[in-house]
Amino acid sequence: MPTVSIVIPAYNAMKYLPETVASVMGQTYRDFEIVLVNDGSSDHIKEWVAAQDIPQLRLISQENRGLSGARNTGIKHALGRYVALLDADDLWEPTKLEKQVQVLEAHPDVGLVYTWTALIDEQGALTGRYYRRHEEGNVWSTLVEFNVVGCGSVPLLRKSCLEESGEFDENLKSFVEDWDLWLRMARRHLFKVVKEPLVYYRQRPDSASKNWAAMEQSYNLVLQKNFGSHAPELAQFKPRCEGFIYLNLAWMALQGAGADQGAAMQYQRRAVRAFPQIVLRLEFWRFCLASTVSGVLGKSGYRNGRLLFSLLRNRLSLKRS
């Protein structure tokens with residue numbers, strides 16, 4: 001029986017899938033299986049799998065159920081005691097699994113291990129932007145504000161903890177389903193982090209994470225699920241969570257595809273109404289500064305300035321280390 005089951009949901013993903021699987025086969029940790037879920041694809045994924053000489057690779061085909069449905073299918077077929085999730089267009093550093101498995105083996109009370117993330121473009125080139133969080137242990141109160149795990153290709157999960165917390169909610173879209181599950185896991189289990197960028201998260205123009213209007217609907221569902229009348233002991237956290245949801249949506253409206261500064265400012269005002277104390281947070285003033293720069297420089301100037309700032313910040317970080 002493999003120790004790790006790597007679940008890869010794929011929907012018409014052959015443009016990136018071979019490179020993604022190659023990054024798995026390049027792992028220094030070798031005790032794994034790959035559960036590849038063909039989620040109703042119309043490309044040649046079945047023929048491609050049949051031509052591969054990869055004993056660890058299993059293909060499961062189903063009618064299209066979306067990202068959450070494909071992940072749930074893969075998890076149900078997983079044989080390992082640990083589950084790693086990997087989207088079909090993302091990549092891993094060779095030591096990613098090895099370092100995460102070491103953490104779970106050393107800390108039996110930990111349910112999820114995440115890493116830092118490097119953002120890449122469609123061609124796989126580094127964009128100069130990284131997602132780095134440091135929170136460990138009981139992270140639930142921080143998750144109320146931020147998805148510290150980042151993208152779905154990051155975590156390694158203890159399968160028993162995953163089963164206890166429940167599966168991905170197939171009613172949620174646009175990557176909010178990740179955050180919903182991490183919230184449920186964090187109420188029962190501890191998290192740990194490997195402070196290295198071991199995942200490459202591909203940024204694509206058609207990415208669902210850019211659809212901030214659809215994300216608002218999913219965020220509202222998460223609020224109802226986690227802070228509704230059935231969970232009165234958590235009601236005190238709802239305003240804070242709602243405020244940061246609207247601030248996150250403001251960032252997406254400012255930076256995402258179809259950027260709309262007017263919509264971004266509306267979300268900012270809604271954030272303050274939901275959680276007035278948000279004006280005391282650094283993240284709020286970072287948004288105010290970014291919005292002002294965007295208004296002065298325009299969309300193109302703002303994007304270029306943001307990229308330059310990321311490059312300078314990363315160089316300074318390297319010098320300090």
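The values are calculated or read from the model by the stated rules, or taken from the named source; none is laboratory data. Since the structure is predicted, the reported quantities are computational estimates derived from the model, not experimental observations. Cβ sites come from the backbone with ideal geometry, for glycine too, and all protein chains shown count toward neighbours.
Scanning segment 58-112 for residues that are within 12 Å of Val35 (Cβ to Cβ) and among the β-branched types (Val, Ile, Thr), we see that the one that is nearest to the chain's Cα centre (by Cα) is Val83. Per the listing Val103, Val83, the residue uniquely assigned by TED's automatic domain parsing to the domain that holds Gly26 and surrounded by fewer than 21 Cβ atoms within 10 Å (Cβ to Cβ) is Val103.
Within segment 1-32, being closer than 21 Å to Ser68 by Cβ and not aliphatic (A, V, I, L, M) holds for Ser5, Pro9, Tyr11, Asn12, Tyr16, Thr20. Do we find that Ser68 is modelled with pLDDT of 95 or more and small (Gly, Ala, Ser) in this structure? The answer is no for Ser68. Within segment 297-312, is even one residue over 21 Å from Gln203 (Cα atoms), at pLDDT below 80 and either among the small types (Gly, Ala, Ser) or not in a loop (DSSP other than H, G, I, E, B) (or both)? Yes, that holds for at least one residue. Of all the listed residues (Leu156, Leu86), the sole one being closer than 28 Å to Asn226 by Cβ and touching a Gly at 6+ places or on another chain (Cβ under 9 Å) is Leu86.
Quick check: anything in segment 103-125 of a type in the set (D, E, K, R) and touching a Lys or Arg at 6+ places or on another chain (Cβ under 7 Å)? Spell out how you get there, then give the answer.
Here is the first cut: in segment 103-125, the ones of a type in the set (D, E, K, R) are 105, 109, 121-122.
From what is left, the residues that are touching a Lys or Arg at 6+ places or on another chain (Cβ under 7 Å) are 122.
Within segment 103-125, one or more residues are of a type in the set (D, E, K, R) and touching a Lys or Arg at 6+ places or on another chain (Cβ under 7 Å).
Close Cβ contacts (under 8 Å, 6 or more residues apart or on different chains) running from residues in segment 220-242 that are polar (S, T, N, Q) to residues that are modelled with pLDDT under 90 comprise Asn226/Leu234.
Sort out for me the helices (runs of 4 or more DSSP H) sitting completely within segment 62-181 that have 2 or more residues that are in contact (Cβ under 8 Å) with a residue 60 or more places away in the chain.
Values: elements: 66-77, 96-106, 140-143, 159-165.
It comes to 66-77, 96-106, 159-165.
Taking the conditions (1) closer than 30 Å to Tyr11 by Cα; (2) modelled with pLDDT of 75 or more in turn, Ala208 satisfies each one other than (2).
Among the residues of segment 123-155 satisfying the criterion of being of a type in the set (Gly, Ala, Ser) and under 15 Å from the mean Cα position of the chain (by Cα), which is surrounded by the fewest Cβ atoms within 10 Å (Cβ to Cβ)? Let's see the steps before the verdict.
First, pick out the residues of segment 123-155 that are of a type in the set (Gly, Ala, Ser): 124-125, 128, 137, 141, 150, 152-153.
Among the residues that remain, those that are also under 15 Å from the mean Cα position of the chain (by Cα) are: 150, 152-153.
Details: Gly150: 22, Gly152: 24, Ser153: 25.
Result: Gly150.
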